[in-house]
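Notes for the one structure printed next.
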Amino acid sequence: MSDEKRPYRMKQRAESQERTRLRITEAAVELHGSVGPARTSISALAQRAGVRRSTVYRHFPDEPSLLAACSAHFVSRNPYPDPGAWAAVADPDQRLHTALRELYGHYGRVAQMMENLLRDAATEPVVQAQLAGFRGYLEACTQVLMAGRRSRGRARRRVEAAVGHALAFPTWRSLVREQGLSESDAVRLMAALVNAAGGAAQPAKPL
């Protein structure tokens with residue numbers, strides 16, 4: 001091969017490798033969304049991507065690297081709502097409504113993937129570790145939504161717990177999928193819970 005053609009050949013090969021990697025990643029996203037990471041075998045992944053098992057291992061030598069690529073690709077196609085935009089809403093209650101509307105809409109779009117990840121995280125440490133980024137995202141959301149709230153001490157802790165509960169995927173699943181509420185009704189219910197949590201709650205007297 002002449003020196004002039006070598007860079008072109010190398011570029012072609014790199015582009016081919018990138019296309020193969022993307023094909024494997026997209027196949028992984030499809031399988032994780034349908035059967036879940038724990039039930040996705042390398043054989044099934046290779047078949048879905050139209051490559052050999054050895055090719056999968058060449059691009060992704062272990063499960064964490066595959067999960068990381070899969071997660072990054074899925075999030076790029078299904079980005080989380082931006083809590084930075086919520087921070088621009090001055091009123092805490094309006095900010096909470098805005099956040100929950102956007103987040104619950106997002107949950108509705110990614111529900112099957114979230115179901116599979118949370119199910120597999122209970123038994124697969126590598127999946128549990130991959131969810132750390134999502135947990136960090138929810139913590140950041142909570143801090144944005146707590147800004148400007150006047151409760152203090154134990155009342156503030158109750159409000160923070162109520163906000164965290166409202167943001168959780170299982171809460172959306174329970175209210176919308178299991179109890180049959182509309183997303184707008186679920187938002188109103190969780191906003192009412194957060195407001196109630198800031199009141200001077202008294203412990204119930206024993207019967």
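The values are calculated or read from the model by the stated rules, or taken from the named source; none is laboratory data. Just so you know, these numbers come straight off a predicted model, no measurement behind them. Glycine gets a Cβ as well: all are built from the backbone with ideal geometry, and neighbour counts include every protein chain shown. Each accessible area value is taken on the protein alone, full model and side chains, heavy atoms only, with ligands, DNA and RNA left out. Shrake-Rupley method; radii C 1.70, N 1.55, O 1.52, S 1.80 Å.
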Q) Within the group 69, 87, which residue is over 19 Å from the mean Cα position of the chain (by Cα) and among the aliphatic types (A, V, I, L, M)? A) 87
Q. When residue 58 is evaluated against the numbered criteria (1) more than 16 Å from residue 164 (Cα to Cα); (2) open to solvent by less than 30 Å² (accessible area, probe 1.4 Å); (3) of a type in the set (Lys, Arg), which criterion, by number, is the only one it fails?
A. (2)
Q: Check every one of the helices (runs of 4 or more DSSP H) wholly within the stretch 96-207 and list those with 1 or more residues that are hydrophobic (A, V, I, L, M, F, W, C), open to solvent by less than 80 Å² (accessible area, probe 1.4 Å) and closer than 24 Å to residue 28 by Cα.
A: 125-130, 132-146, 169-172
(Q) Suppose the filter is under 22 Å from the mean Cα position of the chain (by Cα), closer than 25 Å to residue 84 by Cβ and at pLDDT 95 or above; does residue 177 pass it? (A) no
Q: State whether one or more residues within the stretch 35-44 are open to solvent by 20 Å² or more (accessible area, probe 1.4 Å), out of contact with any Phe, Trp or Tyr (no Cβ under 6 Å at 6 or more places or on another chain), of a type in the set (Lys, Arg) and within 26 Å of residue 122 (Cα to Cα).
A: yes
